[in-house]
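Worksheet: one structure, shown below.
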Amino acid sequence: MLILDRNPVISGSMKTLTMSLLLFLTSLAAQTPQAVTAQDRVEIQALVASYGRALGTCAANDFADLFAESGYFSSGFRGQVAGRERLIAMVQSERQ
């Protein structure tokens, strides 16, 4: 999280979005009864880094590419954002 705090490009709301993603992934992993392998950890860390990069640079298409067709983003203040176009619009709104 220190990387987010030190990056002047990432706005407060972007930090909140990134933190929400991290919390979601953490809770998802906690609910899974199977053991998480070292490879799983590497892939999860790479995915989280990709979310952070896409959000931090407002790369809306790259961010949307990280979601399955049925995937969605959910946060307390934005609610549930589902669908590629809405995900793109959400990230683009951070540029304003």
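The values are calculated or read from the model by the stated rules, or taken from the named source; none is laboratory data. Computed from a predicted structure; not experimentally measured. Note: ideal-geometry Cβ built from the backbone for every residue, glycine included; neighbour counts use all protein chains shown.
Considering segment 48-58, the residues that are on the phi < 0 side of the Ramachandran plot and in contact with a helix residue (DSSP H, G or I) (Cβ under 7 Å, 6 or more places away or on another chain) include one that is surrounded by the most Cβ atoms within 10 Å (Cβ to Cβ), namely Leu55. Which residues, counting only those in segment 59-96, are surrounded by 12 or more Cβ atoms within 10 Å (Cβ to Cβ), out of contact with any Cys (no Cβ under 9 Å at 6 or more places or on another chain) and charged (D, E, K, R)? Correct list: Asp62, Asp65, Arg78, Arg84, Arg86. Within segment 24-43, residues that are at pLDDT below 90 have Cβ atoms under 8 Å from residues that are in a loop (DSSP other than H, G, I, E, B) in these pairs: Ala29/Val36, counting only partners at least 6 apart in sequence or on another chain.
Kindly provide the set of residues from segment 65-77 that are without any contact (Cβ under 8 Å) to a residue 40 or more places away in the chain and within 22 Å of Ser27 (Cβ to Cβ), ordered by number.
Leu66, Phe67, Ala68, Ser70, Gly71, Tyr72
Scan segment 49-88 for residues that are closer than 14 Å to Leu17 by Cβ and part of a strand (DSSP E or B) and the total you get is 7. Of all residues in segment 78-96, exactly one satisfies the criterion of being of a type in the set (D, E, K, R) and closer than 14 Å to Phe24 by Cβ, namely Arg78.
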